1. Not counting ligands, DNA or RNA, and with a 1.4 Å probe, what is I155's accessible surface area in Å² rounded to the nearest 10?
2. Relative contact order (percent) for the chain, with alpha-carbon contacts under 8 angstrom and 6 or more residues of separation?
3. Taking N as the number of residues in the stretch 43-101, what is its Cα Rg relative to 2.2 N^0.38 Å?
4. I'd like the projected area of the chain, averaged over all directions, using the convex hull of its alpha carbons. Report it in nm² with one decimal.
5. Cα to Cα, under 19 Å, and not fewer than 8 places away if on the same chain: which lysines meet these conditions relative to K292?
6. Could you give me the percent of Cα pairs per 10 Å distance bin for the stretch 66-198, shortest bin first, beginning at zero and ending with the bin that holds the maximum distance?
7. Modelled label-to-label distance, D68 and L306, 7 Å Cα→beta-carbon offset: nm?
8. At 0.36 nm per residue, and after removing the present C-alpha to C-alpha distance, how many nm does the segment from S200 to H180 gain when stretched out fully?
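The values are calculated or read from the model by the stated rules, or taken from the named source; none is laboratory data. What you see is a predicted model; the values in this text were computed from it and never measured. Every residue, glycine among them, receives a Cβ derived from its backbone with ideal geometry; neighbour counts consider all protein chains shown. Protein only, heavy atoms only, side chains kept; ligands, DNA and RNA dropped before computing areas. Shrake-Rupley method; radii C 1.70, N 1.55, O 1.52, S 1.80 Å.
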Amino acid sequence: MKTFLTGLSLALAGALAPATGAEARDLLVTVARPDNLYVIDAASREVIKDCKIGSEHATPGITVMSPDGHVAYMLLDRWQNVVGVNIDTCERVFFARQSEDKVIRRSIASITVSRDGTRLYTVRNPVRHHADHYEVMEPEFAVFDTAAGLDAKPIAIHPAPRRSTLMAADDTGKVYIAGHDIYAVDPETGETGVAIANASWDRPTYSGPDVLAFWPIGTQNDEFMLLYSAAVFTDEKQEELADFVWGYETVDLKTGATEIKDFASFEVIMFSAVRNPNAPNELYGVYTQLSKHDVATGELVKRVDLPHTYYVINISSDGKEIYVGGTNDDIGVYDSTTLERIGEIRLPSGGDMSVSTLQIVQSE
């Protein structure tokens, strides 16, 4: 499990006084309409910071945190701009306008920060607007200096895989990109290889996998994890269906080790999932239901209905609480053992989170 230090300002001393390691607490970070970045004390369920972002459009609100937990980097303005806000002060500290002139560049959930916090990466999909047609250009792997301030420009651009979404960086400096396959990129050279075969996997009795990847979660476990669903047939002719399964693909961001594994039959839809940092065999998935799976045994431990759909899930640093968000203006809190709903956090703006990320950092 990774621990973050936020060093919150003296103005918050009453709510976020420096604590010993035993007293470290979790903060939830998310984006909501119309233009709000929220920092929430997970234990008290209280909003402690309501930052006005200054964006043109708060969506999609895909968010990654700097390694020290101080800065939230967000994809905003309909996938185009990257905004960095210091969550201690609400000050905008980074801005990259990716579109220019007649070229519109959109990063579809593709954003991450290096493990030392000095570089930010996006995959941009440029389209040039002509008077009578659109010209689809080659995707770009863009590298930014996080110290570049409010007019950040790429310091390097490399070719990128088409149809790229989520990204994550590991301890060695590699950047993983979810696309047709799970790619590993050297951001210094742009050299790209396949870390996990996805669309090209060699599983003769399986259909191609279906992967939905918008939510860069998994920080609690130092892993890059995506869910997939796939049809499984009785033999390689693929004429008779045996099952339809859920599985996960994961990269350990400490070691680079990879795994691909089925864990359940496809019974309900899950948009995102997270594993317990203290019991990695426990996987929790969310959409209309909250499900708890034991991926070691393939057992569905428990499933409960939710009051409405939630797109994104996360888990407390001690593994005891589950947080579900996105979609509307509320975050549901659940006991990770019983799946009992034990709390709810309403966002003051009343605006929905849509597909915004729900991140967790630790304050000490």
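1. 100
2. With pairs under 8 Å counted, the relative contact order is 16 percent.
3. With N residues counted in the stretch 43-101, Rg over 2.2 N^0.38 Å equals 1.18.
4. 18.9
5. List returned: K261, K302, K320.
6. 13, 44, 33, 10, 1
7. 3.4
8. Result for the pair: 6.4 nm of gain on full extension.
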